[in-house]
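Asks: Got a structure for you, questions after.
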Amino acid sequence: MGQSSSSCSCNNGHEIYRPVIIGKNSGDIDGDDDLTLSLPDECLGSVFGKLGCLDRNSCSLVCKRWKCVDSKSRNRLVLLARSELSPCLPSLLSRFNTVSVLSLKCSRKLFSIDDAALSRIPIFLPFLKKLKLKGCIHISDDGLHAFSLHHPPLLTKLSFASCGFGAKGLNSLLSNCPSLQDLTLKRLRKLDATSSTPASSLWPGALNVDGGDVSNDHHNNINAVVAGDANKKEKDVHNYYYKRSLRLERLCLKDLHNARLFIPLILSASASIKTLIVCRSSGNWDRVLETSLHGKTTSISEIQMENVQMGDAGLLAISSSCPDLQLLYLSRTTDCTDDGLSAIANSCRKLRKLHIDAWSRFGSRTIGDDGVFSIANKCSQLQEVVLMGIPIAIPSLNALASNCPGLERMALCNTDSVQDSEMAFIAAKFLALKKLCIKNCPNVSKSGIEAVGRGCPNLVKLKVKRCKGVTQAMVSRLRFQRSSLVVSLDAGSMLFDSGGISLLASAVNEEEQGTATAMTNTNSTRSAAAAATTVAATHVICSSRGALLLRSKFESALQLGRRRRPTEDNAS
């Protein structure tokens, strides 16, 4: 709609803003023809919600009514938090005072907003539920402390990445935000450098100077409470602890150092936490999990550990304290073996999703087929299994098919053990399977893909990535046989092999023309090959970043070579 400047009239003492619409083939049309006038503000706000950021900003400049509706209907606001924003931030937030999600992003090379601007945010945004700070290195502990003193009642989610505060400011937030449920910490270098620990205000003395085990100071707190009134029941002591603990349900730690600093934080939130995510954070996480979860029965249902130092001791701590575990994600953990995974299988019978990447940097002993076999025998509620670098065999596949009738999603990656025989077994036994991914399995060929096409009656998606024995001709034939099956093929390495392109082009051309007659004309063969290659490229779903990167580099090199050839010919 192309509205111009608005005009207003009075009706029963109320102002009605009537924007004048400019027609495509005529002049100005009367404001009564503006269909948005008959829409309630809520419906108009829903329309604005379907627009992009730039279009919505343009609509807010059309008339006063649209500006007011836009201001009241925005739930999410993303701002470039440079220092120039600090003086105008109060007026901007007062305009969008119904925002519940606020993101402040700035480059670490630039000056960000200051502590005074951050401290006034709860005043202008009373409905704030989620706050994200990224690259705001000039916000200090004092700014977070001033922000937390407003006690934002609805604030449930905090995310900090590459910021400049430490444990003092974080402790203020943990103490003064009663509704906080989700906390994400990424690349907080000042927090890594400090010796203070998060949640130390909730658990004073929970960590000694050497970073060892939990001290007895919190037990002294219990004795002090009990000594004040000898008639208090044991239930009151537990209530004291509950009031002093956090209500966190999700804790995410990424790219951080000194794992021991987070023992008090996990310890204080262990009663309520449901999701624990640790990614690329150095330190001994076996010791952290043993200290934080020792002797407790938690409600944790999801644990993700990626690129961390953890072994069987950490898995034993998880198995003894997390009976309700439903998702276990282990990616490139250093010392986890089949023994630790067997402990998980014996205690965590509710496991629904299992993701294991058994890559080891130093070539040490990692999780193998025996661990998967124990999980398949004990965890009958499995719905999703992702195995990377694990030499899985038919006995383990048989256990999964027999004991896990609800298994719907499976991925087998980076292994030579998956061959056509394993693919035929999967096609015959996994009747409930809906999604199957085969990645970097060089021994899978045409017969394996054809077996999957004939079996797996409930299969809706098949993804094949970096398997040398699978060509686009096979995929096209399978797609023709099962039209309802979505087949995704990563053919990045085939696009630059001239022999493979010729073979692929001829196969596709034969299928499309319905004939197997060989072409004798060289020119027609080249044109048909080029056309078939184009058709194949349009049907291929390239889902590998590495393949796309190589393809772009090769294409750039080819274009550069073509540009240089005419210059060299002219010079000669």
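The values are calculated or read from the model by the stated rules, or taken from the named source; none is laboratory data. Since this is a predicted model, take the numbers as computed values, not measurements. Cβ: placed from backbone, ideal geometry, glycine included. Neighbour counts: every protein chain shown. Note: accessible area is taken over every heavy atom of the protein model, side chains too, but ligands, DNA and RNA are not part of it. Shrake-Rupley method; radii C 1.70, N 1.55, O 1.52, S 1.80 Å.
Asks: Hey, can you tell me all the residues within the range 66-86 that are open to solvent by 40 Å² or more (accessible area, probe 1.4 Å) and either among the acidic types (Asp, Glu) or more than 29 Å from the chain's Cα centre (by Cα) (or both)?
Replies: Lys67, Cys68, Lys72, Ser83, Glu84
Asks: Looking only at the range 308-323, filter to residues that are assigned to a loop (DSSP other than H, G, I, E, B) and surrounded by 19 or more Cβ atoms within 10 Å (Cβ to Cβ); which one of those is nearest to the chain's Cα centre (by Cα)?
Replies: Val308
Asks: Under 7 Å between Cβ atoms, at least 6 apart or on separate chains: pull out the pairs that start in the range 117-142 with a residue that is under 14 Å from Ser107 (Cα atoms) and end on any residue that is assigned to a loop (DSSP other than H, G, I, E, B) and open to solvent by 30 Å² or more (accessible area, probe 1.4 Å).
Replies: Gly135/Ser107; Gly135/Arg108; Ile137/Arg108; His138/Phe111; His138/Asp114
Asks: So, one more: Working only within the range 250-270, note down all residues that are open to solvent by 10 Å² or more (accessible area, probe 1.4 Å) and in contact with a Phe, Trp or Tyr (Cβ under 8 Å, 6 or more places away or on another chain).
Replies: Leu267
Asks: I need the full set of residues from the range 181-206 which are part of a loop (DSSP other than H, G, I, E, B), closer than 18 Å to Gly143 by Cα and modelled with pLDDT of 80 or more, in order please.
Replies: Within the range 181-206, Leu188 is the sole residue that qualifies.
Asks: While we're here: Restricting attention to the range 271-292, which residues are closer than 25 Å to Pro178 by Cα and either within 17 Å of the chain's Cα centre (by Cα) or surrounded by fewer than 22 Cβ atoms within 10 Å (Cβ to Cβ) (or both)?
Replies: Listed by number, the residues that qualify are Ala271, Ser272, Lys274, Thr275, Leu276, Ile277, Val278.
Asks: Looking only at the range 416-429, count how many residues are assigned to a loop (DSSP other than H, G, I, E, B) and either open to solvent by less than 10 Å² (accessible area, probe 1.4 Å) or in contact with a strand residue (DSSP E or B) (Cβ under 7 Å, 6 or more places away or on another chain) (or both).
Replies: Final tally of qualifying residues: 1.
Asks: How many residues does the range 97-122 hold that are under 17 Å from Ser71 (Cα atoms) and open to solvent by 10 Å² or more (accessible area, probe 1.4 Å)?
Replies: Of the residues in the range 97-122, 4 are under 17 Å from Ser71 (Cα atoms) and open to solvent by 10 Å² or more (accessible area, probe 1.4 Å).
Asks: Suppose we keep only residues that are under 21 Å from Arg349 (Cβ atoms) and open to solvent by 30 Å² or more (accessible area, probe 1.4 Å) within the range 379-394. Which one would you say is farthest from the chain's Cα centre (by Cα)?
Replies: Ser380
Asks: If you don't mind, another one. Please tell me if Ala167 is in contact with a helix residue (DSSP H, G or I) (Cβ under 9 Å, 6 or more places away or on another chain) and at pLDDT below 90.
Replies: Criteria met by Ala167.
Asks: Lys168 versus (1) more than 24 Å from the chain's Cα centre (by Cα); (2) in a strand (DSSP E or B); (3) of a type in the set (Lys, Arg): which is the lone unmet condition?
Replies: Result: Lys168 fails condition (2) only.
Asks: How many residues, within the range 432-461, are in contact with a helix residue (DSSP H, G or I) (Cβ under 8 Å, 6 or more places away or on another chain) and either within 15 Å of Arg409 (Cβ to Cβ) or open to solvent by 50 Å² or more (accessible area, probe 1.4 Å) (or both)?
Replies: Residues in the range 432-461 being in contact with a helix residue (DSSP H, G or I) (Cβ under 8 Å, 6 or more places away or on another chain) and either within 15 Å of Arg409 (Cβ to Cβ) or open to solvent by 50 Å² or more (accessible area, probe 1.4 Å) (or both): 11 in total.
Asks: If the Cβ limit is 8 Å and pairs must be 6+ apart or interchain, which residue in the range 157-185 that is over 22 Å from Ser272 (Cα atoms) pairs with which residue that is among the hydrophobic types (A, V, I, L, M, F, W, C) and open to solvent by 30 Å² or more (accessible area, probe 1.4 Å)?
Replies: That search, which allows pairs on different chains as well, returns Ser162/Ile137; Cys163/Ile137; Gly164/Ile137; Gly166/Ala193.
Asks: How about the range 445-474: which of its residues are touching a residue at least 60 places away in the same chain (Cβ under 8 Å) and either part of a strand (DSSP E or B) or within 18 Å of Ile426 (Cα to Cα) (or both)?
Replies: Across the range 445-474, the qualifying residues are Lys463, Lys465.
Asks: How many residues does the range 91-104 hold that are in contact with a Lys or Arg (Cβ under 6 Å, 6 or more places away or on another chain) and farther than 17 Å from Lys157 by Cα?
Replies: Total satisfying the criteria: 1.
Asks: Which condition number does Ser374 fail, the rest of (1) under 18 Å from Asn440 (Cα atoms); (2) touching a helix residue (DSSP H, G or I) at 6+ places or on another chain (Cβ under 9 Å); (3) among the polar types (S, T, N, Q) being met?
Replies: Here Ser374 clears every test but (1).
Asks: Something else now. Based on what the data block shows, is Leu144 in contact with a strand residue (DSSP E or B) (Cβ under 7 Å, 6 or more places away or on another chain), at pLDDT 90 or above and buried (at least 17 other Cβ atoms within 10 Å of the Cβ)?
Replies: In short, no.
Asks: Which of the residues spanning the range 90-112 are in contact (Cβ under 8 Å) with a residue 12 or more places away in the chain and more than 28 Å from the chain's Cα centre (by Cα)?
Replies: Scanning the range 90-112 gives Pro90, Leu92, Leu93, Ser94, Arg95, Phe96, Asn97, Phe111.
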